[in-house]
């Protein structure tokens, strides 16, 4: 009978076996609670007809589409080639693929202008859940989605919702590890370059920096604390401001590698050198750190673990498992040449 299954549906298989479409779906997905004789009968029909289930067929019986929405959130959203989030999303994609899901990427440029709804679009495409990547200044549509019935997991978006969880690096520890390292190197004059003040991640790293400076009795000079975005040009401008201070720091912590690379450029323009005159540490451990001159020391965020955790947590939320708590991933200090 093989070869006749081109137009078969899950309802056809159920009718041939004398069972419900839901029973066929349970058998195809290897769920428990189905009589062995019934299972064997359905599997024989599937084998003999060569039937291959489609997503729509699965959705009909299980009310699941096996589709995950990927949202690059924020009024200033991150790019696909963003060195940190690109690796996180790649790890997420591999993990959800192994769990049987495909990904639908949301476009939000025109969508923002229309003041639309992510929630409405999720319902329109019958998505099982959403993976939300943090950008700057989250839209109100993200808050609406997080408070809905749609299972969602975010990266670097610490919010609460009935079916929401998030994964992020322990950002307080990120700064604490850097300050402790500088302290153990007998470096007391430490500057800080952070992200936007209203960014939750930037706030956590700033708080971690200030707390650790206080813990070790280190002086905090306001002129050595600068803010910007997590990009290279911003780090360059922030470092230029620090270099115009009445005195110069001996070490700088930039809260992203991109900002650290910008700071490195600004330091070089003055004729000073890294690390002889100023020590420099970034955060993220992007690929460029290995090829900068000198090689950039950094705090590594485990991007693969973050993406994989997000995938498995979202799958559990979709399948109604209770008690899925948010996860903080331990950072790792990586000392190179800077």
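None of the figures in this text is laboratory data; all of them are computed from the coordinates on show. Remember, predicted model here, so these are calculated numbers, not experimental data. In this analysis, Cβ positions are derived from the backbone assuming ideal geometry, glycine residues included, and neighbour counts consider all displayed protein chains.
State the antiparallel share, in %, of DSSP beta bridges confined to the chain, rounding to the nearest 5.
Values: 4 of 38 bridges.
Here the antiparallel bridges make up roughly 10 percent for the chain.
Divide by every residue of the chain the summed helix terms, -39500 (n - 2.57) for each DSSP H run of at least 4, and state the resulting mean residue ellipticity at 222 nm, rounded to the nearest 500 deg cm²/dmol. Working shown, then result.
Values: 13 runs with 144 residues, N = 338.
So the calculated ellipticity at 222 nm is -13000 deg cm²/dmol.
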> Over the C-alpha atoms of segment 171-300, what are the Rg and the largest Cα-to-Cα span, Dmax, in Å?
Replying inline: 12.9, 35
> Which values of log₁₀ I(q)/I(0), to two decimal places, follow from the Debye formula for segment 106-229 at q = 0.16, 0.17, 0.19 Å⁻¹ with a uniform point scatterer at every Cα?
Replying inline: -0.81, -0.87, -0.98
> Counting other C-beta atoms within 10 Å, which of 231, 101, 72 has the fewest, and how do the rest follow?
Replying inline: 231, 72, 101
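State, as an integer percentage, the relative contact order of the chain based on alpha-carbon contacts under 8 Å between residues 6 or more apart. Walk me through the numbers on the way to the answer.
Values: 635 pairs, mean separation 54.5, N = 338.
Taking the mean separation of contacting Cα pairs over the length of the chain, I get 16 percent.
Please state, rounded to one decimal and in Å, the Kirkwood hydrodynamic radius that the chain gives when every pair of distinct Cα atoms enters the mean of 1/r. Spell out each step's value before the answer.
Numbers: mean 1/r = 0.0445 Å⁻¹.
In the chain this quantity evaluates to 22.5 Å.
Over all directions, the average projected area of the alpha-carbon convex hull for segment 229-338 comes to how many nm²? Could you put the intermediate results ahead of the total?
Numbers: hull surface 32.7 nm².
For segment 229-338, the mean projected area of the Cα convex hull comes to 8.2 nm².
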